[in-house]
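Before any comments, here is the structure.
Values in this text are rule-based calculations from the coordinates and carry no lab data. Since we're looking at a predicted model, the values are computed, not measured. Cβ coordinates were reconstructed from backbone atoms using ideal geometry, including for glycine residues, and neighbour counts include every protein chain displayed.
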Amino acid sequence: MTETASGDVQGKSRLTFADVVPDAGIPRAGKLSGNPYLPEVATVVQIIQETPAIKTFRVRFDDPEVQRNFSFRPGQVGQLGVFGVGEATFAITSRPSEKEFIQFSVMRAGEVTKAIHNLSEGDKVGVRAPMGRGFPVEEWKGKKILYVMGGIGSAALKATIEYTLEHRADYAGISILYGATAPQNFTYQYDIVEWQKRDDIDLRLTIDRECDGWQCDVGLVPAVLERMAPSPENTIAITCGPPIMIKFALLSFKKLGFTPEQTYTTLEKRMKCGIGICGRCNVGPKYVCVDGPVFSLAELNELPDEL
Amino acid sequence: MATKFLAQEQLPALLEALAQGARVVTPVKSDGVVQFELWSPGTEVELDVLLAKQSPKEWVFPQCETYLRFDYTMAPPAEGAEGEAALPHETVHLRTTNEAPRQVIFGLRPCDARGFVQMDQVFGGYGGFYFDPLYNARREATTLFAVTCREPRSTCFCTAVGGCPAGQEGVDALFTEIDGGFLVEVLTAKGEAALAGVATAGGAGIAAPTGVTAGAVTGGALLDATEAQVAQAAEVKMAASAKVEPPFTLEGIRDNLHDNFADSRWHDLCMRCISCGTCTYVCPNCYCFNINDALVETKGERYRTWDNCFNPQYTEETSGHNPRAHKANRFRNRFSHKFWYYPDKYDSLLCSGCGRCIMHCPTRIDIREVLRVMGTPVAATAEGKEA
Amino acid sequence: MSRQDHIREFAAAALAEGRVDYFIGWTTGFNSSEVIPAFVKDPAEVDRLLWNPLCHHNLVTFLKRNMPDPPDAKIGVCVKGCDSRTLVALLQEELVDKSRLYVVGVPCDGIVDRRRLEKEFSDEMVDIAFPEKGKVVVTTRSGVQREFDQQAVLLDVCTRCRYPNPVYADDTAGPAVPEPGREETEPDWGDLADYEALSDDEKQALLEKVYSTCVRCFACINVCPVCVCWDRCVNRSRQPELVSQKVEPKSNLLFQMVHMFHVAGRCPSCGACDRACPVEIPLYLLHRKMNKELYDMFGFEPGTKLGEKPVFQVFDLADRFGD
């Protein structure tokens, strides 16, 4: 490998302060202010209790221009933080077309998520978004999209589902398989109700065990997936959920004939900076925060086995 | 760029002249321990001991750095507000802090300087990634005056990773000890600017670059170097390079680390590793860090501190899952990061061959041994591959 | 037969007979002025094992939770007197499975302070030899050679050693060394005199100065055999956050206080922490001071009797503080 004193190899180079100016057009150069560590202050405008352990937070940037100019690709994430406690990474779950707020769905699990769950409407949070690589939804035009998700995995796919539903005509078909342990553990029930009204998508909900009044599928997600037996022809398969569900869903996809290039998932890691510098979220040479969290199975197969 | 000579006894005067416009940091021996400290007139600069305990990286990348402060306050309601909006509400004020005092680090070694260049890639958003203003502000405010290594140690391996005892990467001016003083090779505009205005005696001074005022600095004597002095310096450099025996060749290491990822020999190599952070913290280019918040009542800060991939909880997720729960995996990660992951992303190694990790590891884990073993193809036998 | 030969013989037998999966001893490091821990799996390789006054590592640390690899390995280990006390401390609390251990005790004449020797030269030491008993010969990279009287360059901990023969071992590598007569003598706490003479404010200032260089590398905690929580240390805890993660003198001092108090009653001040510290903080002194207090209060010397419990693990109504 070659090294030069200026750090300039094969046309790539380091950035300097002179490069990181407003309107520089460098998408990854961080905030316009040039400081990617500086959060934008936002206010919590609505909190929705999705399930006993999951809340959705809708936040509005205090700076109206930031709110107006905010845009993101479906699948991108953001760092949502409580000043004094810390930040954590969450998928942005609002529709990309939503202008009034941005939305994160948070499962209560540790120090930061506990503090987030203790927030009320009107409280201040810090947001560093958007970050990471989203789903290549433009590339997928003309294809069928198959979403297979479980539990909080719906958060990672929500924005992308809404985007493809909004642009339904661009896609040859949309199937959603969503599994939860029990009926009360589905997130976005208010949106699912709207999905159920549509006749242009194939929506299947499944729970783990029989339950009075439940009229949809019963069974673990991978099992229901194999019963569905979707064809891999011209289809992109995306899965997200608890690690064990992802593992078996990927096996099921393979059994059904999906190639690694057709299969996508999102990875999760302990993160701190979210901008590919602090060094901790790597799998091999890839950082989940900037090179992911979206990865195709083909890309994952190239990475060392250290998930 | 200019080549000058500085007499030994003029070194304090030169440092004092530099201290007029910047703070000066040099290796200082205290109770037998050599560390990079702030220099002030009268402080003796330690150049006989080859390496300070730690690299000077903390002067550009501090071990603990607060970069955000916040205050929670109550904001009064807007005029004419009604109902709930008429109540005061809690708000938060943010302030960023980014101190970057001008400084000159004198007496570091070429491997230390190279460490900065290697870190510049990740902090500088090489390849279009994010730009770190905290590191870069300090980096731009820092001038590096390195001193050629006259007596490399047996633990040095700079030549194996593309450096050398008189290496110039990242160096703004290189000082080489010769009879009576130092040969001073000014290598960059930044080096010139720092030395600008240093009064000379009996020779042409370094002209200040356009736009830089000479300032009211006096003292120091940078004479034009004679041919004999230049020749002697060249000899010193060559002799030093000859003393560094490359323990491995870089060729193939990256691919072999990739192929050997699941090899059980990682376990054998790390048996005596105690999974502390010594190697990372003394290294001139290890840069991984942690971010934490602190809040006392309504005032708080967000700060970053050095962290290391040997920390057992470095990658531990909230769910409890830890991709590198086993010591051998963490061990493998450090060497793979330095010789495979980092070069893949930033086209730069993340090791400058200083050997501090070997010297200071409590059980003397040897990076050269690790690379010799794991950087060779699995099929190669000990006899077949020349170390 | 030298102690080194004994060690090799014991190791070879234990490995060949399958009594241990690997045997931990000492061997030469990257040059012959360094000694490092050795992990031997093959009985044919026991000649790597050596014994000399550079064998300073306390190998008991490799028996702690999450150190053995594989976790259920049967392990053979060499222990000096001080090391054996840390092992006894672990066994007192059943933190190590005795049934998976084979312990070779090594009576010890004292370990040389390599750092002190290092400071005698500005050039690198490349060889440290012991051509005859009581003599240390150091050679540097440039060929300078100097001889030292071994007694004059021993580790401070060794000049005050009360337990030169291991207090616990399955086999012993050679004859015992003369005991220092513990029954008749009190421990020598003379190394603490200067520190104890300081006023409280002076002590505070000294400690803050000394710990200001701490880099929170955790070398001291990880190398300490009785720091068994090493990979889940309270010093890293965020919920609750008891010690600030900030690297600053007061937090660093608290970090060390936590370490010191948590090992109190199990630490024999073997000095492994001190030797591991990359910035040469005199950690050993603090632990010595703690042990003096323990001795004065309870007459207790950690890790000396297998049947005992560490002093803070028991509550005795008869305990009294002063009068």
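Computed values, structure above
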item	result
18 Å Cα-Cα threshold exceeded, pairs from A:Lys272/C:Lys246; B:Lys29/C:Lys289; A:Lys99/A:Lys141; C:Lys64/C:Lys246	B:Lys29/C:Lys289; A:Lys99/A:Lys141; C:Lys64/C:Lys246
Cross-link reach list, aspartates and glutamates versus A:Lys254, counting only Cα pairs under 20 Å and skipping chain neighbours closer than eight places	A:Glu226, A:Glu233, A:Glu299, A:Glu302, A:Asp305
Inter-label distance for B:Glu235 and C:Ala176, nm, one decimal - labels placed 7 Å from Cα along Cα-to-Cβ	6.3 nm
Dipole magnitude (debye, nearest 20) for segment A:40-131, charges at Cβ of Lys, Arg, Asp, Glu	240 debye
Inverse of mean 1/r across different Cα pairs in chain C, Kirkwood, Å	20.9 Å
Centre separation in Å (Cα based) which lies between segment A:115-186 and segment B:37-92	37 Å
Rounded FRET efficiency, nearest 0.05, which uses the C-beta distance separating A:Lys143 from C:Arg65 and R0 of 56 Å	0.65
Label-point gap, in nm, between C:Lys133 and A:Val66 - each point 7 angstrom along Cα→Cβ	7.6 nm
Shielding by other protein chains, B:340-350, mean Cβ within 10 Å	5
Nearby aspartates and glutamates by direct alpha-carbon distance to C:Lys98 (threshold 13 angstrom, same-chain neighbours under 8 apart not counted)	C:Asp72, C:Asp170
FRET efficiency for A:Ile192 and C:Arg48, using Cβ-Cβ distance with R0 set to 60 Å, rounded to 0.05	0.35
Simple label model, 7 Å out from Cα along Cβ direction - B:Thr96 to A:Leu251, nm	4.8 nm
Per-residue mean of C-beta atoms belonging to partner chains within 10 Å, peptide B:301-307	5
For segment C:190-313, diffusion coefficient by Stokes-Einstein and Kirkwood Rh (Cα), 20 °C, 1.002 mPa s, µm²/s	140 µm²/s
Most to least packed among C:272-283, C:7-18, A:162-173 [average Cβ atoms within 10 Å]	C:272-283, C:7-18, A:162-173
Residues B:Thr3 and A:Arg168, FRET efficiency given R0 of 56 Å [Cβ-Cβ distance, rounded to 0.05]	0.20
Stretch gain in nm, segment C:Asp149-C:Val234, where the contour uses 0.36 nm per residue and the Cα spacing is subtracted	26.3 nm
Under the span-like rule (Cα at least 30 Å along the axis, Kyte-Doolittle mean at least -0.5), DSSP H helices of chain A	none
For chain B, Cys with no neighbouring Cys Cβ under 4.7 Å	B:Cys64, B:Cys149, B:Cys156, B:Cys158, B:Cys164, B:Cys276, B:Cys288, B:Cys309, B:Cys351, B:Cys361
Dipole-positive endmost among C:Pro178, C:Asn165, C:Phe255 within chain C (Cβ charges, Cα centre)	C:Phe255
Filtered GluC sites (Glu not before Pro), segment B:231-313: DSSP coil and at most 14 other beta carbons within 10 Å	B:Glu251, B:Glu297
Table column - 3J(HN,Hα) (Hz), segment B:49-64, Karplus curve with 6.51, -1.76, 1.60, x for Gly and Pro	6, 4, 10, 5, 3, 10, 6, x, 4, 5, 7, 10, 10, x, 5, 9
Gain in span if fully extended, C:Val258 to C:Ser199, counting 0.36 nm per residue against the direct Cα distance	19.0 nm
Filter on B:Lys4/B:Lys237; A:Lys269/B:Lys53; B:Lys4/B:Lys338; C:Lys119/C:Lys250 - keep pairs with C-alpha separation over 25 Å	A:Lys269/B:Lys53; B:Lys4/B:Lys338; C:Lys119/C:Lys250
Residues in segment B:58-86 that a label on C:Lys250 would reach, taking backbone N under 20 Å of a point 7 Å out along Cα→Cβ	B:63-72
The protein assembly as shown - Debye-derived log10 I(q)/I(0), Cα point model, q = 0.08 Å⁻¹	-0.92
Range of Cα positions in segment C:67-214 per principal axis (Å), largest first	47, 47, 40
Descending semi-axes in Å of segment C:112-153, equivalent ellipsoid built from Cα gyration tensor	16, 12, 7
Cross-link partners of C:Lys203 among aspartates and glutamates (Cα-Cα below 13 Å; sequence separation of 8 or more within a chain)	C:Asp194
Relative contact order %, chain B, counting alpha carbon pairs below 8 Å whose residues are six or more apart	20 percent
Two-decimal ratio, segment C:140-261, of alpha-carbon radius of gyration to 2.2 N^0.38 Å	1.45
Semi-axis lengths (Å, descending) of the ellipsoid that matches the C-alpha gyration tensor of segment A:40-131	19, 14, 12
Given charges at beta-carbon only (K, R positive; D, E negative), |dipole| of segment C:190-313 in Debye	580 debye
Length-normalised contact order for segment A:144-266 - Cα pairs under 8 Å, 6+ apart - percent	30 percent
Cα convex hull volume per residue for chain A (Å³)	154 Å³
